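Note sheet for the following structure.
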Ligand code: PEP
């Protein structure tokens with residue numbers, strides 16, 4: 001049985017008091033024991049979230065980090081800084097980072113290397129733009145993202161990796177990939193991992209779907225064989241909708 005995971009990516013939303021108010025209500029909720037929950041708030045709120053959630057079985061995740069250990073990189077955050085505030089997991093390769101901050105597969109490969117060196121867990125995002133979906137090159141595109149950004153890791157390292165498939169055309173747009181499209185890509189990702197590593201590795205890797213997951217579509221998406229949960233943007237910002245998505249596994 002693979003892990004079941006629901007992770008909330010808050011992006012550039014919620015200041016400290018909004019974070020406090022979400023978390024104080026979220027901590028009151030009764031959650032299914034077999035679903036791992038993760039929340040990725042802004043850098044400024046990571047330490048607060050870590051302290052607030054440490055006895056509540058919710059992992060606090062960073063939305064990004066720099067690949068270098070330290071140095072003249074104004075505005076950036078290192079692995080060591082994250083670890084020093086209790087954060088041991090990081091999202092890498094989100095499409096907004098790739099698009100607005102020019103993160104390439106090569107940069108991401110370096111970030112992956114740094115995260116693993118520091119024994120951090122990684123949620124590695126892949127996903128195609130709409131034109132690739134339309135012209136039928138989406139499998140090749142995702143395969144390239146995986147092979148150039150992630151596949152330099154060792155078999156052992158996979159225990160620290162979660163893959164998130166997030167088709168760009170479905171992020172924040174209200175357009176969701178159909179459960180069949182999601183399953184087809186997740187199966188492709190798992191087969192690609194199997195070909196380059198092993199069946200054991202592929203079978204154990206959690207693959208999350210992200211892209212306009214909402215309380216009303218989560219159950220059907222999560223019911224697909226190769227879908228192990230979701231990376232949730234907009235709907236993770238309200239306790240009620242986030243809880244409904246977490247409970248969609250029941
Ligand atoms: C995301 O940004 O990771 C995401 C999936 O966003 P949304 O759920 O809002 O589409």
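Taken together, the values in this text are just the output of simple stated rules run on the coordinates, not laboratory data. Keep in mind that this is a model prediction, so the values were computed, not measured. Virtual Cβ from ideal backbone geometry, glycine too; neighbours counted across all protein chains shown.
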Which of 147, 89, 17 has the fewest Cβ neighbours within 10 Å, and the rest in rising order: 17, 147, 89
Likely footprinting exposure, 185, 12, 81, fewest C-beta neighbours within 10 Å first: 12, 81, 185
Stokes-Einstein D (µm²/s) once Rh is taken as the Kirkwood radius of the chain over alpha-carbon pairs, at 37 °C in 0.692 mPa s: 181 µm²/s
Relative contact order %, the stretch 65-167, counting alpha carbon pairs below 8 Å whose residues are six or more apart: 30 percent
Added length on full extension, which subtracts the Cα-Cα distance from 0.36 nm per residue, residue 223 to residue 74: 49.3 nm
Volume per residue that the Cα convex hull of the stretch 15-64 spans, once the total is divided by residue count, Å³: 65 Å³
Net lengthening on full extension, residue 155/residue 48 (0.36 nm per residue, minus Cα-Cα): 35.1 nm
The stretch 4-247: relative contact order as a whole-number percent, Cα under 8 Å and 6+ apart: 20 percent
Using distinct alpha-carbon pairs, which all enter the 1/r mean, Kirkwood radius of the stretch 103-250 in Å: 15.7 Å
Efficiency of FRET from Cβ geometry, residue 104 and residue 180, R₀ 30 Å, rounded to 0.05: 0.45
Residue 21-residue 240 FRET efficiency (beta carbon distance; Förster radius 22 Å; 0.05 resolution): 0.95
Whole-Å semi-axes of the ellipsoid equivalent to the stretch 27-151 (Cα gyration tensor, √5λ, descending): 27, 20, 12
Pairwise FRET efficiency - residue 3 versus residue 130, Cβ, R0 = 30 Å, nearest 0.05: 0.50
For the chain, calculated [θ]222 nm from helices alone, where every DSSP H run of n ≥ 4 adds -39500 (n - 2.57): -11000 deg cm²/dmol
